Amino acid sequence: MKEITILSGKGGTGKTSITAALASIARDAVFCDNDVDAADLHLILSPTVREEHVFSGGWTASIDVTSCIDCGICTDHCRFDAIHRNSFNNLEINPFKCEGCRLCERICPVQAISSVRSNNNSWFVSDTRFGTLVHAKMGPGEENSGKLVSEVRKRARELAKEYNASYVINDGPPGIGCAAISSLSGTGMVLMVIEPSVSGLHDSRRLVELIDTFSIPTFALINKYDIHPEISEEIKLFLKEKSIPLLGEIPFDKSMVEAMVEGKTIVEFDDKLEISTILKAVWKKLEDFNVL
């Protein structure tokens, strides 16, 4: 089983559209949306949920004013400055500043502070027209996206083994944060989607630095290469310098938008388009790559 993670240094590069297109080509795969903070692969794959699970997020502390002796120890030791007096002169914890470290709970001499975990997150196993999709939904401002990514990836691998699937295809998050790190850990190969813009090149450099720490085979794809040919050439030089194979250059085409409006991948929309032909060739190259 090969696990392929598709990443980008920034948002808006077309990563999810390309992941969905590859999903429509691969067939023999389990799909996993690792962008748990802003999951959107389901918008194209139109899943039917068959399993739903609650994922516990970060901890939030609160003070029982009837038990509090107003000693101020918690206030003195909170490094996040989350504990203040309210209009009734009682100590209370600001949930927007609290980082859930639970130190105040441990040092309170009368156990007046308790913590609860958020259950405002869910992950799902769903059926799509291309196969099984494992995806998630995080509530606004929730924590532990990296742990949630690990959870959905673990389930996707389990299902791939159960179905004897040849691939797990991960739609990774943009950037280099916790979710991206969790998406990289243990994956077999990475496909970077890069857009030809100043920020696209800059953020791809940062992403490559992160990938290098994992020593994972990496490939690249330039999306909308013709909107800025000069930067596309800079990207090619950068990839050559880093010995990262460029698998394809996708032209800008309004058909991508038209396909999304119809809820289809670009390959489903028109498999004779230049983009569709390029993506089929990209998938063939990924398919032929042997992971040791």
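The values are calculated or read from the model by the stated rules, or taken from the named source; none is laboratory data. In this text the structure is predicted, and so the values were computed from the model without any measurement. No Cβ is skipped: glycine too gets one built from the backbone with ideal geometry, and neighbour counts run over all protein chains shown.
In table form, for the structure just shown:
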| item | result |
| --- | --- |
| Helices (runs of 4 or more DSSP H) fully within the range 174-285 counting 2 or more residues that are surrounded by fewer than 17 Cβ atoms within 10 Å (Cβ to Cβ) | 198-212, 229-241, 255-261 |
| Any hit, the range 21-36, residues being basic (K, R), more than 17 Å from the chain's Cα centre (by Cα) and under 30 Å from P251 (Cβ atoms) | yes |
| Residue in the range 213-232 that is among the basic types (K, R), more than 25 Å from H135 (Cα to Cα) and out of contact with any strand residue (DSSP E or B) (no Cβ under 8 Å at 6 or more places or on another chain) present | no |
| Unique residue being closer than 23 Å to C178 by Cβ and at pLDDT below 95 when the list is A82, A61 | A61 |
| Long-range neighbours under 9 Å by Cβ, at least six apart or interchain, first residue in contact (Cβ under 8 Å) with a residue 24 or more places away in the chain within the range 192-215, second surrounded by 23 or more Cβ atoms within 10 Å (Cβ to Cβ) and of a type in the set (D, E) | L201/E195; S204/E195 |
| Subset of the range 103-122 that is over 16 Å from D76 (Cβ atoms) and not hydroxyl-bearing (S, T, Y) - its residue that is farthest from the chain's Cα centre (by Cα) | Q111 |
| Matching option when the condition is polar (S, T, N, Q) and assigned by TED's automatic domain parsing to the domain that holds E262, among T48, T75 | T48 |
| Qualifying residue in the range 123-141 (condition: farther than 19 Å from A82 by Cα, outside the structural domain of S17 (by TED's automatic domain parsing) and in a loop (DSSP other than H, G, I, E, B)) | no |
| Verdict on S8 being crowded, with 23+ Cβ neighbours inside 10 Å and either over 16 Å from the mean Cα position of the chain (by Cα) or not aromatic (F, W, Y) (or both) | yes |
| Looking only at the range 157-173, and only at residues there that are in a strand (DSSP E or B) and either over 14 Å from the mean Cα position of the chain (by Cα) or outside the structural domain of H228 (by TED's automatic domain parsing) (or both), the one that is surrounded by the fewest Cβ atoms within 10 Å (Cβ to Cβ) | Y167 |
| Selection status of D76, farther than 15 Å from V110 by Cβ, charged (D, E, K, R), over 22 Å from the mean Cα position of the chain (by Cα) and assigned to a loop (DSSP other than H, G, I, E, B) | no |
| V125 vs. criteria of a type in the set (V, I, T) and under 15 Å from the mean Cα position of the chain (by Cα) | no |
| Output for the range 47-69, where each listed residue is surrounded by 13 or more Cβ atoms within 10 Å (Cβ to Cβ) and part of a loop (DSSP other than H, G, I, E, B) | P47, S56, G57, G58, V65, C68 |
| Qualifying residue in the range 103-117 (condition: without any contact (Cβ under 8 Å) to a residue 60 or more places away in the chain, surrounded by fewer than 15 Cβ atoms within 10 Å (Cβ to Cβ), of a type in the set (V, I, T) and out of contact with any strand residue (DSSP E or B) (no Cβ under 8 Å at 6 or more places or on another chain)) | yes |
